[in-house]
């Protein structure tokens, strides 16, 4: 087994843990459906994080299965990205017990907006940096994915820092549309 296979296995484990955390949070949150302060917004955030995890997993698998040697920069981003996305997935829904367990779903969304939105924005910034690093002289070939990442970073940052619920909804849904368009373009190649 080479280092790419080891890294692929580690990424698969972390992505699996993140998806498990999202599904457990969905289950816990659905039990509070009739209570005051219930909102569907964390479910939208969970779907966004899940699709970003899918994009990351597909891109990582394609890069690691190519057999080429990854430099230090690419290797470190392959390690940092799943950690960021796992952290975001643990903050989407209130925990089963412990700190923050007594918050309503709406209060939890407000309190954890930065924890949920900033890690995917950081991952997208690392993606842009990686594209410039590896496609330096042919940067025009990666301009569309980079522009999609820049738009997503702006929207995720807006969702992280806004106090307006409607703005957070709009920014999250627009980011989801960009991520889905990226998946469609990536699979269409």
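The values are calculated or read from the model by the stated rules, or taken from the named source; none is laboratory data. Since we're looking at a predicted model, the values are computed, not measured. When we count neighbours, we look across all protein chains shown, and the Cβ atoms used for this are built from the backbone with ideal geometry, even at glycine.
Looking across 142, 185, 129, 125, one residue alone is modelled with pLDDT of 85 or more and out of contact with any strand residue (DSSP E or B) (no Cβ under 9 Å at 6 or more places or on another chain). It is 125. One residue alone among 151, 160 is within 12 Å of residue 117 (Cα to Cα) and within 15 Å of the chain's Cα centre (by Cα), and that residue is 160.
For the stretch 131-189, filtering for residues that are surrounded by fewer than 15 Cβ atoms within 10 Å (Cβ to Cβ) and not in a helix (DSSP H, G or I) leaves 3. What is the one condition in (1) at pLDDT below 90; (2) within 20 Å of residue 175 (Cβ to Cβ); (3) not in a helix (DSSP H, G or I) that residue 93 does not satisfy? Every listed condition holds for residue 93 apart from (1).
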